[in-house]
Structure formats: structure tokens, C-alpha cells
Amino acid sequence: MHACLPRRTLIAALPSLGAIATLTWGTTMSDNAEAQPKLDPNNTIYMDLKYGRVVIELFPDVAPKTVERIKTLSDQGFYDNTPFHRVIEGFMAQGGDPTGTGTGGSQLPNLPAEFTNERHFVRGTCGMARTSDPNSGNSQFFIMFAPAPHLDGQYTIWGQVVQGMQYVDQIKRGAPGSGVVTDPDRIVRMRVAAAENK
């Protein structure tokens, strides 16, 4: 059904590989569990990878419709066993497509863009993938390995990794240039923390 859909990706947003190499790999709070703020379990995602648990703080104040979509799909088990089909070293890991082709999505309608200048694409930022149409986000998302200010105001930011970034760093990388991954790593399980804690 989704075979004719355009790829949801970071269109025309990838800087040259030389620019990627100059991005800073600074340590953030997401690299350790110490000094973490108390998170609202209704606005926190647990994403389990084979390497360990990743904790994502959601931003309903910045992207309410996108956050609601991520929560709905997570609670439905939609993301369970979906691959990180496109992973570019020094840039990002993209997943959320059950087909693993970059053209798939959920049965729900596409979302309107919720771009902001209040948050920025830094290491651990979670953004919504889309086609060239800004209002085409559906289920696919990406997690930044490093800052990418050229994405600010171009993609919806819906969350931030606050714990377990070291597990995101271990996600299998794709081919140079395209980022397409052969035998990709998968999300084991993804749920809203409040549902997990019941």
C-alpha cells in the first residue's frame, strides 16, 4: 500500500560528508543517568534496543500533534521490531517504518508540520521524518548522533534522549552516503513510560 509513497527522509538536509566530520561529539546529559530531572511518565518514552533502554522526554508544548502520534503508535506496539533502516555516521539514525524501505508509515493520516525555533537539533534530539511536503510526517522519526543546526525550523522536533544515548550510538550504521542498512538493528519495544509502569 505504501510502495508508491515517496521516501520520508531528511531531504536536502544532509551536509557534505566533510561538514559531518566537523560536528562536535560533546557529552550531554543523555550520556549518563546522573543528575536527570524528574520526568512526567505520560510524556516519556521507553525505547528498548538490544543494547539497552533509551529514555526519551517528549515535548508536547512544542509539537502536541506529533507527540500524541508517537504516544499512540508506541502504545499500539506499532514500533516494536521496526528497523533503523537508514543510519548515517555522525548524523542520525532513522526508523519507524515497518517496511524498512523508507516509504512506509502507519494507517493514520499524515501530520501537519510543527516546526519551532524554541528547540534545536542537538545530539539526542528526536525529529519527525517527512517527504518534501512539510505536512507529511507519519510514523518515521530520527535521532541525532550530533548537532545539525541546518535542520532547525525544517523538521518537527518531538523529543530528546535523556538517558541511554550510548545505546543509540551503537545502532548499526548504513552504507556511506545513502545510510541504507543491511540487516538493520531494530527497536525491541517502545512504550509510553506511564503505560509501562502500570
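Just to be sure, is Leu111 aliphatic (A, V, I, L, M) and within 21 Å of Ala194 (Cβ to Cβ)? Before the answer, list the steps.
Details: aliphatic (A, V, I, L, M): yes; within 21 Å of Ala194 (Cβ to Cβ): no.
For Leu111, the condition - aliphatic (A, V, I, L, M) and within 21 Å of Ala194 (Cβ to Cβ) - is not met.
Residues to consider are Asp97, Asp61; find the one that is assigned to a loop (DSSP other than H, G, I, E, B) and surrounded by 24 or more Cβ atoms within 10 Å (Cβ to Cβ).
Numbers: Asp61 fails: surrounded by 24 or more Cβ atoms within 10 Å (Cβ to Cβ).
Being assigned to a loop (DSSP other than H, G, I, E, B) and surrounded by 24 or more Cβ atoms within 10 Å (Cβ to Cβ) holds for just one of Asp97, Asp61, which is Asp97.
Between Val161, Val181, Val168, Val188, which is surrounded by 20 or more Cβ atoms within 10 Å (Cβ to Cβ), of a type in the set (A, V, I, L, M) and more than 15 Å from Cys126 (Cα to Cα)? Can you show your working first?
Working: Val161 fails: more than 15 Å from Cys126 (Cα to Cα); Val168 fails: more than 15 Å from Cys126 (Cα to Cα); Val188 fails: surrounded by 20 or more Cβ atoms within 10 Å (Cβ to Cβ).
Residue meeting the stated conditions: Val181.
Within the group Glu196, Glu114, which residue is at pLDDT below 95 and either in contact with a strand residue (DSSP E or B) (Cβ under 6 Å, 6 or more places away or on another chain) or buried (at least 18 other Cβ atoms within 10 Å of the Cβ) (or both)? Quick ask: steps written out before the conclusion?
Working: Glu114 fails: at pLDDT below 95.
Result: Glu196 is the single residue among Glu196, Glu114 that is at pLDDT below 95 and either in contact with a strand residue (DSSP E or B) (Cβ under 6 Å, 6 or more places away or on another chain) or buried (at least 18 other Cβ atoms within 10 Å of the Cβ) (or both).
Please specify each residue of segment 84-111 satisfying the condition of being in contact (Cβ under 8 Å) with a residue 40 or more places away in the chain and touching a strand residue (DSSP E or B) at 6+ places or on another chain (Cβ under 7 Å).
Phe84, His85, Arg86, Val87, Met92, Ala93, Gln94, Gly95, Gly96, Gly100, Gly102, Leu111, listed by residue number.
Kindly indicate which of Gln154, Gln166, Gln170, Gln140 is modelled with pLDDT of 95 or more and farther than 22 Å from Gly102 by Cα. Please lay out each step first, then the result.
On the way: Gln154 fails: farther than 22 Å from Gly102 by Cα; Gln170 fails: farther than 22 Å from Gly102 by Cα; Gln140 fails: farther than 22 Å from Gly102 by Cα.
None of the other options fit; the residue is Gln166.
Does segment 76-94 hold any residues that are under 16 Å from Val188 (Cβ atoms) and either in a strand (DSSP E or B) or charged (D, E, K, R) (or both), and which are they?
Residues satisfying the conditions are Asp80, Pro83, Ala93.
Taking Gly174 as the residue in question, decide whether it is surrounded by fewer than 24 Cβ atoms within 10 Å (Cβ to Cβ), at positive phi and assigned to a loop (DSSP other than H, G, I, E, B). Steps first, answer last, please.
Numbers: surrounded by fewer than 24 Cβ atoms within 10 Å (Cβ to Cβ): yes; at positive phi: no; assigned to a loop (DSSP other than H, G, I, E, B): yes.
Against the criterion (surrounded by fewer than 24 Cβ atoms within 10 Å (Cβ to Cβ), at positive phi and assigned to a loop (DSSP other than H, G, I, E, B)), Gly174 does not qualify.
The values are calculated or read from the model by the stated rules, or taken from the named source; none is laboratory data. Being a predicted model, the structure only gives us computed values, none of them experimental. For neighbour counting, all protein chains shown are included, and Cβ atoms are generated from backbone atoms with ideal geometry for every residue, glycine included.
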